[in-house]
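Heads up: the structure comes next, in C-alpha cells.
The values are calculated or read from the model by the stated rules, or taken from the named source; none is laboratory data. Small disclaimer: the values here were computed from a predicted structure and weren't measured. Because the Cβ atoms are built from the backbone with ideal geometry, glycine has one as well, and the counts that use them run over all protein chains shown. Quick note on the areas: whole protein, heavy atoms, side chains included, nothing else; ligands and nucleic acids left out. Shrake-Rupley method; radii C 1.70, N 1.55, O 1.52, S 1.80 Å.
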Amino acid sequence: DHGHGRHTSYRRSNPPPVAMKTAAVALALIGSAAAFAPAQQGARSVSLSGAIDDMAGSTMPFKAFDPLGLAELGSDTTLAWFRAAELKHARCAMLATTGYLVQGAGFHFPGMLSTSENISFEQLSAMKPLDAWTAVPEAGKQQIYFTILLAELITEARGTHYTKGGDLPTIVFPPIDFSGVDAETLKKKQTAELNNGRLAMISIMSFVAAANIPGSVPALIGNPAF
C-alpha cells in the first residue's frame, strides 16, 4: 500500500510511460462502470431476482442508478458477477485510496524494503506514491501480484460460487463473521461498504489523474503528493 533510509543515494524514479498511465486510467474507468450497476448483495446465499430498488447499495440520491443498463444485461448469473466485480473493485479502491493518503503523508514502515538493492521504506516515503511504486524492485512487485492472485483464488474457490447462488466474495484477511447480524442491520452495513467503495473508486481515479495530468483535478493542484 505505501512506499517507504539509509545514507545511500537513491534516484527518484521517473513516472510510468504515458501508455501505462492511460491504461491505468482506463482500467479504473472500467471498474467504476461496474461500481454503479446495482445488484443484490448478501453475506450468505443470495437471490438476484428481486427488485433492484430493494438491493443493497440502491440508495439516494441516485437510487437504482444504472445509466448503462448493466443490471438488465444477461441473466441473474450475469448480475451476480457484476455485483461481485463491484464489491471487489470497491474494496481494492478503499485500500488504494487509504494507501495513497498514508504514503502521501510520509508514513512508512521501518527498515529496508530490499537489502539486496539497498532500498529502504524511508527512501520510498520521500517520493510521490506512484513514483514509489515504480521504484519498488521487480521481485517485490511479483510478490504483491502473487498475494493478490492467491486471495482471488481463495475467494473464488470457496464453497458454492456466487454465480450459482452462493455467497459473494468475502474478505480473506481479516475474516469477518456477520452471521449473528440481523438482516436489516446487515443490509445497512452492505450498503455502507458499497457506497464507501464507490466514493473510493472516484477518489483513486482522481488521484491517478492528478498525478499524471497536471491541473486535471483542481482541488489537488499544488498538493505535494501529486
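How many residues are part of a helix (DSSP H, G or I), among the charged types (D, E, K, R) and open to solvent by less than 100 Å² (accessible area, probe 1.4 Å) when one looks only at segment 137-174?
3
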Quiz item: Out of curiosity, is D177 farther than 17 Å from H89 by Cβ and surrounded by 13 or more Cβ atoms within 10 Å (Cβ to Cβ)?
Solution: no
Quiz item: Can you name every residue in segment 110-126 that is of a type in the set (S, T, N, Q) and crowded, with 19+ Cβ neighbours inside 10 Å?
Solution: S120, Q123, S125
Practice problem: Can you confirm whether segment 181-195 contains a residue that is open to solvent by 50 Å² or more (accessible area, probe 1.4 Å), part of a loop (DSSP other than H, G, I, E, B), modelled with pLDDT under 90 and not basic (K, R)? | Solution: yes
Practice problem: Kindly provide the set of residues from segment 169-202 that are out of contact with any Leu (no Cβ under 9 Å at 6 or more places or on another chain) and closer than 19 Å to W133 by Cβ, ordered by number. | Solution: M201
Practice problem: Collect the residues in segment 52-104 that are over 27 Å from V208 (Cβ atoms), open to solvent by 20 Å² or more (accessible area, probe 1.4 Å) and touching a helix residue (DSSP H, G or I) at 6+ places or on another chain (Cβ under 7 Å), keeping them in residue-number order. | Solution: I52, K63, A64, T77
Practice problem: Check off (1) under 20 Å from L101 (Cβ atoms); (2) touching a Ser or Thr at 6+ places or on another chain (Cβ under 8 Å) for K128 and give me the number that stays unchecked. | Solution: (2)
Exercise. Sort out which residues of segment 206-226 are farther than 19 Å from T134 by Cβ, assigned to a loop (DSSP other than H, G, I, E, B) and open to solvent by 70 Å² or more (accessible area, probe 1.4 Å), and write them in order of number.
Key: I221, G222
Exercise. Answer with yes or no whether F178 is within 27 Å of T59 (Cα to Cα), part of a loop (DSSP other than H, G, I, E, B) and among the hydrophobic types (A, V, I, L, M, F, W, C).
Key: yes
